[in-house]
Amino acid sequence: MPSQVVTQAPAHLPPVVHLVSDSTGETASKVMRACLSQFDVKPVEEYLWSFVRTPGQAEEVIAAIDRKPGFVLLTIVERDLREIFQQWCHHRK
């Protein structure tokens, strides 16, 4: 399900970014790149979770993010699915 992109092997650990989308993830990827362009952050360890469309898939993604914590950027249209991620984020505070 996920695809991982690491641009190079740095001497320090790069920030981890999880892009979660109910479609291809193109919008999430572009938003992430726009945000990162404001900072001198290279490279990032990027995980793309595309076509996440069911609560079961959302739970699988959340479990994977728990194993490899980092920033999470969502582009999810379905309200109930978004709420699963919002509740998870709220409890992680």
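The values are calculated or read from the model by the stated rules, or taken from the named source; none is laboratory data. Everything quoted here is computed from the prediction, not taken from an experiment. We place every Cβ from the backbone using ideal geometry, glycine too, and count neighbours over all the protein chains shown. In case anyone asks, the SASA skips ligands and DNA or RNA and just uses the protein heavy atoms, side chains included. Shrake-Rupley method; radii C 1.70, N 1.55, O 1.52, S 1.80 Å.
Observations
- Residue-level analysis places Leu81 outside the set of residues that are modelled with pLDDT of 95 or more, buried (at least 18 other Cβ atoms within 10 Å of the Cβ) and in a strand (DSSP E or B).
- First in the range 44-71 and closer than 13 Å to Ser23 by Cα and modelled with pLDDT of 95 or more, second anywhere and of a type in the set (Gly, Ala, Ser) and open to solvent by 20 Å² or more (accessible area, probe 1.4 Å), Cβ under 9 Å, 6 or more apart: Leu48/Ser3; Leu48/Ser29; Trp49/Ser3; Ser50/Ser3; Ser50/Ser23; Phe51/Ser23; Arg53/Ser23
- Pair list, Cβ < 9 Å and 6+ apart or interchain, from the range 24-41 residues that are without any contact (Cβ under 8 Å) to a residue 60 or more places away in the chain to residues that are of a type in the set (Phe, Trp, Tyr) and part of a loop (DSSP other than H, G, I, E, B): Thr24/Phe51; Gly25/Phe51
- In the range 53-75, the condition of being more than 10 Å from the chain's Cα centre (by Cα) and on the phi > 0 side of the Ramachandran plot is met by no residue.
- Those residues of the range 58-78 which are open to solvent by less than 50 Å² (accessible area, probe 1.4 Å) and more than 17 Å from Lys30 (Cα to Cα), in sequence order: Ala58, Val61, Ile62, Ala63, Ala64, Ile65, Gly70
- Restricting attention to the range 7-53, the residues being loosely packed, with under 13 Cβ neighbours inside 10 Å and either part of a helix (DSSP H, G or I) or among the β-branched types (Val, Ile, Thr) (or both) number 6.
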